[in-house]
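Notes to accompany the following structure.
Values quoted throughout were computed directly from the atomic coordinates according to the rules given, and no laboratory measurement underlies them. Predicted model only: the values in this text are computed from it and were never measured. Cβ placement follows ideal geometry from the backbone for every residue including glycine, while neighbour counts extend to all protein chains displayed.
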Amino acid sequence: MFILFCSYGLTAWFGAKLIIDKGYEGGQVVSVWMAFMTGAMSLGEATPCVTGFVSGRAAGYRMLQIIQRKPEIDPKGTDGIVLANIKGDIELRNVYFSYPSRPDQLVFDGFSLHVLCGKTMAIVGEGGSGKSTVISLVERFYDPQAGEVLVDGVNIKSLRLEWLRGKIGLVSQEPLLFAISIWENITYGKEDATDEEIMAATKLANAANFIDKLPNGLDTMVGEHGAQLSGGQKQRIAITRAILKNPQILLLDEATSALDMESERVVQEALNRIMQGKTTIIVAHRLSTKKDADTISVVHHGIVVEQGTHTELLRNPNGAYFQLIQLQDITGEPDAYDAGYQRSTSAVRSVKSSKYIHSASLKRSISGGASFGSTSRHLITTASMIVQDSTHAELLSKVSEEGEECRKVPLSRLISLNEPEMPVLLLGTMAAVVSGVIFPILGLLISGSIKSFYEPPDQLRKDSRFWTLMHVASGVVSFICLPVEYFFFGVAGGKLVERIRSLSFKSIVHQEISWFDKPSNASGTIGARLSMPQIYDVL
């Protein structure tokens, strides 16, 4: 605004100069001035568009980087080999691997493992030893820095990834369920599955009994992250999804470690059914779920230190596996696995060398195992949250479109909420009044300047200086008042929004549990309300 007022003052002064020195008429100067004003206003209207383009370009730069980036591991790539018949023979040969977030910390240092087709391999090891990393490499969530991961003797880098993952079933510790119905969650395993196939899969997974007892059966909504179901029920839904996929390779990543004993028994029965005839890799803390495996591998610091069947490993009383079994029998704690492994490092030393001594605490071992083992799960969980947040945003929009009754907030209440900022609002109001008066004054200044163009030269020279200075003075006033107005009103508005959000959040966390079970009160929807004008609905 300061520049605009000064430009008008310059126009008034220069127009008077042209009339006095060049003999121009007042009408000619006024015509040029009006053309100048019209052009300036048109350019001013384009300014927000230019600002939007600049902001969009800055915001879109990183987005375009992601959009245009070609993934090193492309799950939808059409290149690669498709085997006519997959047997399921898996081999990790001399693998060296570290996670991208910790490139200097090797998880596998020359790791080798061979799982014969149709056999079950159980992997035993402390937290962070690399048990779940085996599953991540077989699924090709990551590629090793050196070595090979082979399926039926073929490096999985040569196979078409989408086809390979279609032949692999994964059941993890934390089942990934979307906030949709049970039927829709199951059909992610096979999109064109028939009702008969789904019912057969639920029976095989021991899920049919509890589904039949639900009021809506397969159409029951599972809630956000499956919150409406118990841990065992969610796990059986995940197993049903894997059965429907009918994979040749089955990966069980601590599939029962988060369940109680009864739920574990039911889920384990379902797993035993689907494991028959399939190549299976099991990672679990509870040794009772591994003793029936064809081969048990004890992993320590990224190296296999013991391998054999349950019976064979128990024959070595100095072995690490024997010490683990003995410790669990004494403590009676299924989850004492990591502690047992750490206390049995003396046995590991006898199998390998003293460099494998490990003395970390139980808590660090368990948390370490989670940090290494759940990396791939976190990737999928993030995608799930993005999809669900999108769903909640759509739901919020739908509710608004359907005309949900919203309580109107009276102005008096907003004023009372903004009462601590009254001095700030008063200063902002005073600045706004002055800013508002300036524009009517501008009209008077322009009319006075135009009138002076028709005066005698001596009077015109005198009046042109006056009107020019008045334009500049008005520009200075606007230069001061407008920022003051925006600043004080911005402070008051920011404090008001902060106070309303704080009250909203306090109200939300004190609601009863059943309030959160409503689809309209899911976490994504609540987050949208707290960040949008809908925050007034929860006051």
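Things worth noting here:
- Residues in region 470-509 reached by a label modelled at Ala40 [backbone nitrogen below 19 Å; 7 Å Cα→Cβ]: 470-483
- On the beta carbon distance between Glu25 and Ala58, with R0 = 56 Å, the FRET formula returns roughly 0.70.
- Taking 0.36 nm per residue of separation and subtracting the current Cα-Cα distance, fully stretching the chain between Asn155 and Thr429 would add 91.4 nm.
- Per-peptide average of other Cβ atoms within 10 Å, ordering 53-61, 135-143, 17-25 highest first: 135-143, 17-25, 53-61
- Region 301-317-region 90-156 distance, computed between alpha-carbon centres (Å): 18
- Cβ-Cβ FRET estimate between Thr220 and Met261, R0 fixed at 30 Å, reported to 0.05: 0.70
- Estimated inter-spin distance, Arg315 and Thr78, nm [label 7 Å along Cα→Cβ]: 5.5
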